[in-house]
Amino acid sequence: VQLQASGGGLVQAGGSLRLSCAASGSIFIIDAMGWYRQAPGKQRELVASITTTGRTAYVDSVKGRFTISRDNAKNTVYLQMNTLKPEDTAVYFCNAHSDVLGIPDYWGQGTQVTVSN
């Protein structure tokens, strides 16, 4: 599985960005996709995830501001980020997970999101 992430950038607080993650390869093994982020000096955290059945989950700090969605025809997952805050600044990583034992998680390249005051 290959993941190609895009859409990061610099935005002022209160602004919006949309991240995209296009999956290719053996995508049939994917059970869920998500976005993680890692800020300098902090551990990587799961921001949002979506299963193949459309079930979503969010970390509390982004609930009501971020929306994860998927376009199955394009094998792409999106993260719409609204009302961005400086504390959202991080490198965001796309992730693909399989529930099959022994299959590792797949990661896209990180994309930088910087929110200025």
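The values are calculated or read from the model by the stated rules, or taken from the named source; none is laboratory data. Keep in mind that this is a model prediction, so the values were computed, not measured. Cβ placement follows ideal geometry from the backbone for every residue including glycine, while neighbour counts extend to all protein chains displayed. Side chains are part of the model used for accessible areas, which takes the heavy atoms of the whole protein and leaves out ligands, DNA and RNA. Shrake-Rupley method; radii C 1.70, N 1.55, O 1.52, S 1.80 Å.
Observations on the structure shown:
- In segment 72-98, the residue that is surrounded by the most Cβ atoms within 10 Å (Cβ to Cβ) out of those that are at pLDDT 95 or above and charged (D, E, K, R) is D88.
- Residues of segment 1-46 that are aromatic (F, W, Y) and modelled with pLDDT of 95 or more: W35, Y36.
- In segment 35-58, the residues that are free of Cβ contacts under 8 Å to residues at least 12 places away in the same chain and within 16 Å of Q80 (Cα to Cα) reach residues that are of a type in the set (A, V, I, L, M) and surrounded by 15 or more Cβ atoms within 10 Å (Cβ to Cβ) with C-beta atoms within less than 6 angstrom, at least six apart or across chains, in these pairs: Y58/A48.
- Residues located in segment 1-19, provided they are surrounded by fewer than 17 Cβ atoms within 10 Å (Cβ to Cβ) and either in contact with a helix residue (DSSP H, G or I) (Cβ under 9 Å, 6 or more places away or on another chain) or not in a loop (DSSP other than H, G, I, E, B) (or both): Q2, Q4, S6, G9, L10, Q12, A13, R18
- Number of positions in segment 23-45 that are basic (K, R) and open to solvent by 80 Å² or more (accessible area, probe 1.4 Å): 2
- Within segment 15-42, if we keep just the residues that are touching a strand residue (DSSP E or B) at 6+ places or on another chain (Cβ under 9 Å) and of a type in the set (S, T, N, Q), the residue that is farthest from G102 (Cα to Cα) turns out to be S16.
- Selection of segment 72-117 for residues being over 19 Å from S26 (Cα atoms), of a type in the set (V, I, T) and touching a helix residue (DSSP H, G or I) at 6+ places or on another chain (Cβ under 8 Å) yields V113, V115.
- Every residue from segment 51-64 that is open to solvent by less than 70 Å² (accessible area, probe 1.4 Å) and either of a type in the set (S, T, N, Q) or out of contact with any strand residue (DSSP E or B) (no Cβ under 7 Å at 6 or more places or on another chain) (or both): T51, G54, T56, S61
- Number of the exception - A48 against (1) in contact with a helix residue (DSSP H, G or I) (Cβ under 8 Å, 6 or more places away or on another chain); (2) surrounded by fewer than 16 Cβ atoms within 10 Å (Cβ to Cβ): (2)
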